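**Student:** Structure incoming, see below.
The values are calculated or read from the model by the stated rules, or taken from the named source; none is laboratory data. These numbers come from a predicted model, not from an experiment. Cβ sites come from the backbone with ideal geometry, for glycine too, and all protein chains shown count toward neighbours.
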Amino acid sequence: MKFGRLRVALIGAGQIAEVTHLPVLSEMSDRVELVGIADPAVERAVMLSSRFGIDNTFGDYNEMLSSLNPDAVFVCTPNKFHSAATVSALRSGSHVFCEKPPAINAREVQEMMVASKEAGKILSFNFHYRFRSEAIAIKKFVDSGDLGEIYFCEATALRRRGIPGWGSFTNKEIQGGGPLVDIGVHMLDLALHMMRFPQPKSITASAYCKIAKRSGVGLMGGWDPEKYSVEDSAFGFVRFHNGASLILKTSFALNMKDRSIMNLQIFGDRAGATVFPPEVFAESHGELTNTAIPFAESKDCYKRSVESFIDSCLGKESTIPTPEEALAVQSILDAFYLSAESASTVEL
Ligand SMILES: NC(=O)c1ccc[n+]([C@@H]2O[C@H](COP(=O)([O-])OP(=O)(O)OC[C@H]3O[C@@H](n4cnc5c(N)ncnc54)[C@H](O)[C@@H]3O)[C@@H](O)[C@H]2O)c1
């Protein structure tokens, strides 16, 4: 489609649909017409449709797809349902924007990719950290070569006691994992994006559940320790074929000083950088220099992420993140857990 209004539908009427996607999409009436929303919890779909002026609600997304034929679909279900919903939407002729993590495993992401190619429809994912102004600023330094060869990154997504007790974030069967797939995945994607997605060679990782199986202080509300079935922290080391390496640290609960740390540190042979806050560390005129980028503060990265997808559907810009990138991220997540479970290094 070129430069018209996209008829957009949502699968999943939970928190992310309510707090992020619908407010953003409803401000884009020049490009978007919200046509339908489906959720087996029909009362959620009804509540959001009345709030956001959507005419059609469904309990079954297949019914929605066949009766509305939307141009684009946002998949906002728990992780276990990403792949099936995405494949159905693509096969019925819709472009798809799927929430992160891409799916439960790499095989599912491959199926999503194949469906996208066979249908000739766009498939993208909500890795919104790439759209933070800080990340956009640092990527300019990376792409211009200012950092030189990037040979090491440290990706950190740590919370001291940030266990999300609502929804299904602590349920392994439904989400596929804990902090690694929920918040670690954002910093992993951002690191790979900065490193230009080098080919991974091996992963050595550990995952733990040392704190969340007992009750205690919750800085993001309470949770049920008895129903907690995911890791509460995970740490891994990834080697790439180009010689670069990456450390990823992630937790919902960890006995550390700070409340939370979300950051990426990038180390090149000409300069280094942190993304949050954005700063570049180099050597110049015989001095060591720290260059802060003070005004790269973003509040609307979700909006930019959604806009980028909508504009790519309208033929106005190219699609990022791509399905191939999502597959690379998911393959690392799979190998990460495999390494942790087998207590060994996994070759890719
Ligand atoms: N990009 C981000 O930073 C970010 C932030 C929060 C959540 N998310 C992702 O968004 C997704 C949803 O998270 P949430 O917090 O909104 O969860 P949620 O539990 O609040 O909502 C999920 C909704 O999906 C519905 N659902 C379940 N199965 C369905 C199906 N087969 N068809 C249609 N709907 C179905 C549930 O009834 C529920 O209403 C997850 O994948 C999560 O990782 C991403």
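**Student:** If I go through the stretch 120-133 residue by residue, how many of them are among the small types (Gly, Ala, Ser) and either within 28 Å of residue 89 (Cα to Cα) or surrounded by 21 or more Cβ atoms within 10 Å (Cβ to Cβ) (or both)? Even if it seems obvious, please write down each step before you answer.
**Tutor:** So in the stretch 120-133, the residues among the small types (Gly, Ala, Ser) come out as 120, 124, 133.
Now drop any that are not either within 28 Å of residue 89 (Cα to Cα) or surrounded by 21 or more Cβ atoms within 10 Å (Cβ to Cβ) (or both), which leaves 120, 124.
Total satisfying the criteria: 2.
**Student:** Something else now. Collect the residues in the stretch 2-56 that are under 19 Å from residue 310 (Cα atoms) and charged (D, E, K, R), keeping them in residue-number order. Steps first, please.
**Tutor:** As a first pass, look at the stretch 2-56 and keep what is under 19 Å from residue 310 (Cα atoms): 2-12, 16-37, 52, 54.
If the condition is that a residue be under 19 Å from residue 310 (Cα atoms) and charged (D, E, K, R), then 2, 5, 7, 18, 27, 30, 31, 33 are the ones that fit.
**Student:** Which numbered condition trips up residue 106, out of (1) more than 8 Å from the ligand (Cβ to nearest atom); (2) touching a residue at least 40 places away in the same chain (Cβ under 8 Å); (3) closer than 21 Å to residue 310 by Cβ?
**Tutor:** Of the numbered conditions (1) more than 8 Å from the ligand (Cβ to nearest atom); (2) touching a residue at least 40 places away in the same chain (Cβ under 8 Å); (3) closer than 21 Å to residue 310 by Cβ, the odd one out for residue 106 is (3).
**Student:** Touching a His at 6+ places or on another chain (Cβ under 6 Å) and either more than 28 Å from residue 161 (Cβ to Cβ) or assigned by TED's automatic domain parsing to the domain that holds residue 95 (or both) - does that describe any residue in the stretch 286-294?
**Tutor:** From the stretch 286-294, those touching a His at 6+ places or on another chain (Cβ under 6 Å) are none; that's our starting set.
Within the stretch 286-294 (the criterion being touching a His at 6+ places or on another chain (Cβ under 6 Å) and either more than 28 Å from residue 161 (Cβ to Cβ) or assigned by TED's automatic domain parsing to the domain that holds residue 95 (or both)), the answer is no, since none of the residues qualifies.
**Student:** Could I ask something else about it? Picking from 136, 163, which residue would you name as being surrounded by fewer than 21 Cβ atoms within 10 Å (Cβ to Cβ), assigned by TED's automatic domain parsing to the domain that holds residue 252 and touching a residue at least 60 places away in the same chain (Cβ under 8 Å)?
**Tutor:** Step by step, each of 136, 163 is checked, and only 136 is surrounded by fewer than 21 Cβ atoms within 10 Å (Cβ to Cβ), assigned by TED's automatic domain parsing to the domain that holds residue 252 and touching a residue at least 60 places away in the same chain (Cβ under 8 Å).
**Student:** For the stretch 213-239, name all the residues that are basic (Lys, Arg) and either touching a helix residue (DSSP H, G or I) at 6+ places or on another chain (Cβ under 6 Å) or not assigned by TED's automatic domain parsing to the domain that holds residue 151 (or both).
**Tutor:** Hits for the stretch 213-239 are 213, 214.
**Student:** Another question about this same structure. Name every residue in the stretch 187-205 that is within 15 Å of residue 322 (Cβ to Cβ) and away from the ligand (no atom under 16 Å from the Cβ), in order of residue number.
**Tutor:** 192, 196, 197, listed by residue number.
**Student:** Select, from 221, 165, 178, 184, the only residue that is within 14 Å of the ligand (Cβ to nearest atom), at pLDDT below 95 and in contact with a strand residue (DSSP E or B) (Cβ under 8 Å, 6 or more places away or on another chain).
**Tutor:** 165
**Student:** For the stretch 273-332, which residues satisfy the criterion of being among the polar types (S, T, N, Q), touching a Phe, Trp or Tyr at 6+ places or on another chain (Cβ under 6 Å) and under 30 Å from residue 203 (Cβ atoms)? Explain how you work it out, then say what you get.
**Tutor:** Filtering the stretch 273-332 down to residues among the polar types (S, T, N, Q) leaves 274, 284, 289-291, 298, 305, 308, 312, 318-319, 322, 330-331.
From what's left, touching a Phe, Trp or Tyr at 6+ places or on another chain (Cβ under 6 Å): 290, 305.
Across the stretch 273-332, the qualifying residue is only 305.
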